[in-house]
Amino acid sequence: MENTARIAVLVSGGGTNLQALIDAQGQGIITSGRIEVVISSKKDAYALERAKMAGIPSAVASRRELGSREAFEGKIREILNEYEIDVIVLAGFMSILSEEFVKAYPKRILNVHPSLIPSFCGEGFYGLRVHEAALEYGVKVTGATVHFVNEIADGGEIIMQKAVAIRENDTPETLQKRVMKLAEWKILPRATEKVCADILKNKN
Ligand code: GAR
């Protein structure tokens, strides 16, 4: 292996977490890995613009256009093989990967989730919905989690978490923004660096 782990970032939307990873690479927070490719499940995702502006190659794998889960995941695996990817970071990737896919990359797939797992997670909990659920329940503290991906939705081993206090006048939108800024954008790059460093350590 080279002296950096090769990272693919999988996205579906705005890509602010992708941006945090790109910035962390520029700032020397991520040194053990390098983003080699960005794969989007949506062809109009703004994350693709962010990749382009950073000079990172990108590709689209649309489940709708490819027709079946097999074809969708087959295309993603083709791209991962082409770029010889070691680590896959799900950064706002809104498709659940099959058990077969996940088992092919044990402890090599990370996901960022906008709550303190095991609260407000699992199937159906994504994006703004997570923050709506936290406010509906009335919890006073929420946050973000970076975890390894296994065959259970949001059920893999936790790598890092950061708590964020809820304010009385929070809306799902204000809470989402604060959780991103104070937690997700901080722990996703740090967890990515940690996993890449561990992979390099075990290889060398
Ligand atoms: C982020 O808040 C991320 O944690 C969440 O979607 C948002 C994507 O934003 N992911 C999930 O809910 C996964 N279950 P981004 O595209 O700006 O990074």
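Numbers for the structure displayed
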| item | result |
| --- | --- |
| Pro106 exposed (fewer than 14 other Cβ atoms within 10 Å of the Cβ) and either modelled with pLDDT under 95 or within 29 Å of Thr4 (Cβ to Cβ) (or both) | yes |
| Within region 1-79, strands (runs of 3 or more DSSP E) holding 3 or more residues that are crowded, with 20+ Cβ neighbours inside 10 Å and in contact with a strand residue (DSSP E or B) (Cβ under 8 Å, 6 or more places away or on another chain) | 5-11, 33-40 |
| Tally, over region 154-177, of residues that are surrounded by fewer than 17 Cβ atoms within 10 Å (Cβ to Cβ) and within 11 Å of the ligand (Cβ to nearest atom) | 1 |
| Within region 135-146, tally of residues that are buried (at least 19 other Cβ atoms within 10 Å of the Cβ) and touching a Leu at 6+ places or on another chain (Cβ under 7 Å) | 4 |
| Qualifying positions in region 30-55 - in contact with a Leu (Cβ under 9 Å, 6 or more places away or on another chain) and away from the ligand (no atom under 15 Å from the Cβ) | Ile30, Ser32, Gly33, Val37 |
| Filtered residues of region 89-103 (kept if more than 10 Å from the chain's Cα centre (by Cα) and aromatic (Phe, Trp, Tyr)) | Phe101 |
| When residues of region 136-153 are limited to those that are more than 14 Å from the ligand (Cβ to nearest atom) and touching a helix residue (DSSP H, G or I) at 6+ places or on another chain (Cβ under 7 Å), the one farthest from Asp23 (Cα to Cα) | Glu151 |
| Hits in region 28-48 (condition: β-branched (Val, Ile, Thr) and either touching a residue at least 60 places away in the same chain (Cβ under 8 Å) or at positive phi (or both)) | Ile29, Ile30, Thr31 |
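The values are calculated or read from the model by the stated rules, or taken from the named source; none is laboratory data. Predicted model, so just to flag it, every value in this text is computed and none were measured. Counting neighbours? That spans all protein chains shown, and the Cβs are built from the backbone with ideal geometry, glycine included.
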